[in-house]
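The values are calculated or read from the model by the stated rules, or taken from the named source; none is laboratory data. Nothing here was measured: the structure is a model prediction, and the numbers come from that model. With ideal geometry, Cβ positions are generated from the backbone for all residues, glycine too; neighbour counts draw on all protein chains shown.
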Amino acid sequence: METEEIEFFLEFVTLANVDNVEDLADNRYHHFVYEDHFNLHLVGMVRAQSSFQKLKDVCRHYEMREGIDIDSVMGEHERRTVSSRQYFIGKGLSTDEAQAAAFALSFYTGTRSEACNRGASLVARQANGQALESTTRDELNEAAIILYYLVKALSFIPYYWGYVTRACQLTDDELKLYSPGCLITWIQFSSSKKGRRAADNSTFEYRNTHFKIYSLTGRPIKEFSNYPEEDEVLFLPHSTFFVFKHELSYHGTQHTIYMRQIEMGLCQWSILWVDDNIYNPSWENKRHMEAAAARELNLNVHFIPKSSTDGALSFLRSPFGQRLKNRDTFRIVTDMNRENDYPERRTECVRDSSDRNSRKFNDLKKSAEN
């Protein structure tokens, strides 16, 4: 799953039930899978009335249920907030915003994450023009402030590039969607555990489906969680994955599905970033990529990472790259000295490397123009 070459399949993908990628983008819009409008609409709903105290009031409402000591539950969130807020203050947030970001993460990792997922679906629906009943709109208005601070908090947490595992209980019809070669978008917040094994408790262990995923934009939230032992990695709504293997075991009752998170650029602002060290944990530009994503909550910039010229050109030849190349909101960022390209020339020290660099740049430029 960590092998980037698996993404070359995009060049040869066949789009079912649509004539081109623009039709696919339209379908995603009508089915509420439209990345740009989610955060934009969320910001518009709550920015004027957002505050730490307002967030606590809404969370208290969701936490109140029969048999629960609400003061104890809220106290737990408060303690977690105190231990986490300094991280967000260090990222430049005000004390009020930092406390709200930490509190939203505590709320999510506690017992009420379903409220966030319900809210995410409602925000997506309203953002795409679907009429909602008045009671549903009231629920959305309450949930929106939780989503606002949760998304804000996650935007300041670095991407996790590596293996995660997610355990789910799926129906037969749902399992049919996960066929090798398919692209899957999860429109909810989706929790997973860092590493190749599911969380060690009965709640997850005996679910009928285990996803083995290579994450690109999942956020590790162990340091902010009420359950740090789960080592959780959280995917934001509308994360997309390529399914490349679906295995059955235990007499056909246990499913293991292998996926790689990918970016297709089905959004307004996309940057194809090409660098041979892009997946190196110590790559110095990773923080710039993450900072760009966090700079404006209502402007979603999607990065398409590639570590080689071949990978970048393959994407540009794909239907998804062809859609982007003539858009004025698409950019290519590329380094000029990739050691993983043209390996047969690495030992030719006397040859001037500038020829190679010029060729790589011109290849990318030519493909984007054609």
Legend entry - Unmet requirement for residue 294, which otherwise passes all of (1) buried (at least 19 other Cβ atoms within 10 Å of the Cβ); (2) at pLDDT below 90; (3) small (Gly, Ala, Ser): (1)
Legend entry - Count of region 216-271 residues which are free of Cβ contacts under 8 Å to residues at least 60 places away in the same chain and of a type in the set (Gly, Ala, Ser): 4
Inset, instruction - Quick one: in region 239-284, of everything that is assigned to a strand (DSSP E or B) and of a type in the set (D, E, K, R), which residue is surrounded by the most Cβ atoms within 10 Å (Cβ to Cβ)? - result: 260
Inset, instruction - Output the number of the condition that residue 33 fails; it satisfies all remaining conditions of (1) assigned to a helix (DSSP H, G or I); (2) at pLDDT below 90; (3) buried (at least 18 other Cβ atoms within 10 Å of the Cβ). - result: (1)
Legend entry - Selection from region 209-264 of residues that are at pLDDT below 90 and β-branched (Val, Ile, Thr): 253
Inset, instruction - Would you check which residues across region 48-101 are closer than 26 Å to residue 291 by Cβ, in a helix (DSSP H, G or I) and of a type in the set (Lys, Arg) and list them? - result: 80, 85
Inset, instruction - Name every residue in region 294-331 that is touching a strand residue (DSSP E or B) at 6+ places or on another chain (Cβ under 6 Å) and under 23 Å from residue 157 (Cβ atoms), in order of residue number. - result: 301, 302, 303, 304, 305
Legend entry - Subset of region 307-349 that is under 22 Å from residue 283 (Cβ atoms) and among the hydroxyl-bearing types (Ser, Thr, Tyr) - its residue that is modelled with the lowest pLDDT: 342
Inset, instruction - Could you check how many residues of region 81-96 are modelled with pLDDT under 95 and surrounded by 21 or more Cβ atoms within 10 Å (Cβ to Cβ)? - result: 0
Inset, instruction - Answer with yes or no whether residue 150 is aliphatic (A, V, I, L, M) and more than 26 Å from residue 83 (Cα to Cα). - result: no
